[in-house]
Amino acid sequence: MGIEEDDVQTQVAIIGGGPSGLLLSQLLHRVGIDSIVLERKTQDYVLGRIRAGVLEQGLVQLLEQAGCADRLHAEGYVHHGTLVAYGQEMFRIDFTEHTGTPVIVYGQTEVTRDLYAAREAAGGAIDYEVDDVVIHGADSDAPHVTYTVHGEKRRIDCDFIAGCDGFHGVSRQAIPLGLRREYEKVYPFGWLGILSETPPVNHELIYANSERGFALCSMRNDMLSRYYIQCSLSDKPEDWTDEAFWQELKRRIPAEQAEKLVTGPSIEKSIAPLRSFVTEPMRWGRLFLCGDAAHIVPPTGAKGLNTAASDVHYLFNGLRDYYRAGTTDGIDGYSEKALKRIWKAERFSWWFSSMMHRYPDQSEFDLKMQVADLEFLRTNKAAQKAMAENYVGLPY
Ligand code: FAS
Ligand code: PHB
């Protein structure tokens, strides 16, 4: 089929305008590699999704490399540790003492906003509200993507395709089932999260294991708090009044914290299901999967956005080397290298979730194991160092 007038060419077609797709597009732009981002939703819709809140140093450095870290450094909060509570007990894991590295608290919404701003400032090509995205010839040397925008058919001829379209996207499904191996664990509970324009209960995060279930006290800034409680999979956000949420949260954190809690109306309320998921391989021909398109973690370890970042780092370096030096080591080694780090993040997220949540089928022995795990973490420096190293982010 010849090139029609409404066909366009680019070097990298990126499906998905979330943090993975935007960060990859911006990094490629900074080294002169052309890309087009296809996003199913509007920019406002993408920015309206409240998700991650904790950034590893690796992601911070990538955003610096992308020229998008000014606001992050001006408004982000440096956290040198976190609190872990069980019942009325509470102890601190000191990231900086054990690793020399803090994390930065800065919402994914703001990261995405900064990336959109950078792409627009650079005249980056982003098509919003696209439909019917189909990947063609991923296993050939001349792949292309077709899609529609408000009913108008489009085609992009490209060298490579980056599938950054999240867990429910089309990219993963483009890899033939016979070539894919999928690993999944679905957790028997969800997280009910709210945003409230109230001062955070503590200046650091509090992860709490209580007999009523898990709770997390987080924040976005001095007057914007983010709280989560473990909830039933049958719950819907509308089942929970603000008052019911606050009362339940107070029951799940130590009394001294509950007494300090400033409550207020929720400005966002949503429920996220929890799953661990990995698809292998993350490459098929000239299609590369990045971020949630390839893997999902329970948010307990704050690894979702941060493993998307390391995927982007590996893929960006591989594509840069291909275009600069004509070498393919980076792109050929992408899947294996990304999966090595992903599986360690999967393990940490699963371990932390197992220690902090109440499971419907838990026996008395299981509960004793949880307390033993928490007591060991509380009293053993090596255990704390291991947790800190995972939380701040293992090396890329
Ligand atoms: P995203 O899903 O963010 O982005 C994919 C983009 O592709 C979306 O904008 C989508 O609209 C678009 N898309 C989908 N199909 C498409 C198609 N066919 N064509 C074009 N575009 C398409 N991580 C944490 O670390 N902490 C958290 O607290 C946390 N909470 C979360 C809560 C929820 C409800 C979810 C779903 C995830 C959460 N995560 C959390 C993980 C989250 O932050 C992801 O790791 C992060 O968004 C990954 O970014 P992307 O890979 O860009 O995927
Ligand atoms: C958040 O602030 O949204 C957040 C922080 C840490 C997590 C999960 C979510 O582990």
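Can you tell me which residue is nearest to the chain's Cα centre (by Cα) among those in segment 233-256 that are in a loop (DSSP other than H, G, I, E, B) and surrounded by 14 or more Cβ atoms within 10 Å (Cβ to Cβ)? Of everything passing the filter in segment 233-256, Asp235 is nearest to the chain's Cα centre (by Cα).
If I filter segment 218-255 down to residues being touching a Pro at 6+ places or on another chain (Cβ under 7 Å) and within 13 Å of ligand 2 (Cβ to nearest atom), which single residue comes out as farthest from Phe91 (Cα to Cα)? Working first, answer last.
Filtering segment 218-255 down to residues touching a Pro at 6+ places or on another chain (Cβ under 7 Å) leaves 219, 222-223, 225, 233, 242.
Pick out the ones that are also within 13 Å of ligand 2 (Cβ to nearest atom) and you get 219, 225.
Details: Met219: 19, Ser225: 21 Å.
Checked segment 218-255; the qualifying residue farthest from Phe91 (Cα to Cα) is Ser225.
Quick one: how many residues across segment 10-31 are in a helix (DSSP H, G or I) and touching a residue at least 60 places away in the same chain (Cβ under 8 Å)? Result for segment 10-31: 11. Across segment 11-46, the qualifying residues are those that are out of contact with any strand residue (DSSP E or B) (no Cβ under 7 Å at 6 or more places or on another chain) and among the hydrophobic types (A, V, I, L, M, F, W, C), and the one among them that is most open to solvent (accessible area, probe 1.4 Å) is Val31.
Just give me the residues in segment 98-118 being farther than 23 Å from His29 by Cβ and either in contact with a helix residue (DSSP H, G or I) (Cβ under 7 Å, 6 or more places away or on another chain) or free of Cβ contacts under 8 Å to residues at least 40 places away in the same chain (or both), in sequence order.
The answer is His98, Thr99, Gly100, Thr101, Pro102, Val103, Ile104.
When Leu192 is tested against (1) open to solvent by 30 Å² or more (accessible area, probe 1.4 Å); (2) of a type outside the set (Ser, Thr, Tyr); (3) assigned to a strand (DSSP E or B), exactly one condition is not met: (1). Against the list (1) among the basic types (Lys, Arg); (2) under 17 Å from Gln65 (Cα atoms); (3) within 16 Å of ligand 2 (Cβ to nearest atom), the condition Arg119 fails is (3).
Got a sec? Which of Asn202, Asn209 is in contact with a His (Cβ under 8 Å, 6 or more places away or on another chain) and open to solvent by less than 50 Å² (accessible area, probe 1.4 Å)?
Details: Asn202 fails: in contact with a His (Cβ under 8 Å, 6 or more places away or on another chain).
Every option except Asn209 fails the conditions.
Scanning segment 56-82 for residues that are open to solvent by 20 Å² or more (accessible area, probe 1.4 Å), outside any loop (DSSP other than H, G, I, E, B) and either touching a residue at least 40 places away in the same chain (Cβ under 8 Å) or acidic (Asp, Glu) (or both) returns Gln57, Glu64, Asp70, Arg71, Glu75, Tyr77.
Can you give me the ranges of the strands (runs of 3 or more DSSP E) entirely in segment 139-179 with at least 1 residues that are open to solvent by 20 Å² or more (accessible area, probe 1.4 Å)?
144-149, 152-157
Here Val130 passes the criteria (1) open to solvent by 30 Å² or more (accessible area, probe 1.4 Å); (2) at pLDDT 95 or above except the one numbered (1). The set of residues in segment 36-55 that are under 14 Å from Asp165 (Cβ atoms) and part of a strand (DSSP E or B) comprises Ile36, Val37, Leu38.
Can you tell me which of Arg49, Arg92 is surrounded by fewer than 19 Cβ atoms within 10 Å (Cβ to Cβ) and under 14 Å from Leu22 (Cβ atoms)? Break it down stepwise before answering.
On the way: Arg92 fails: under 14 Å from Leu22 (Cβ atoms).
Testing whether each residue is surrounded by fewer than 19 Cβ atoms within 10 Å (Cβ to Cβ) and under 14 Å from Leu22 (Cβ atoms) leaves just Arg49.
Looking across segment 119-128, not a single residue is free of Cβ contacts under 8 Å to residues at least 60 places away in the same chain and within 14 Å of ligand 1 (Cβ to nearest atom). If we scan segment 371-388, do we find a residue that is touching a residue at least 24 places away in the same chain (Cβ under 8 Å), within 30 Å of Ser234 (Cβ to Cβ) and within 12 Å of ligand 1 (Cβ to nearest atom)? No: segment 371-388 contains no residue that is touching a residue at least 24 places away in the same chain (Cβ under 8 Å), within 30 Å of Ser234 (Cβ to Cβ) and within 12 Å of ligand 1 (Cβ to nearest atom).
The values are calculated or read from the model by the stated rules, or taken from the named source; none is laboratory data. Values in this document were obtained by computation on a predicted structure and should not be read as measured data. Here the Cβ is made from the backbone with ideal geometry for all residues, glycine too, and neighbour counts use every protein chain on show. Remember, those area values only see protein heavy atoms, side chains included, never the ligands or the DNA or RNA. Shrake-Rupley method; radii C 1.70, N 1.55, O 1.52, S 1.80 Å.
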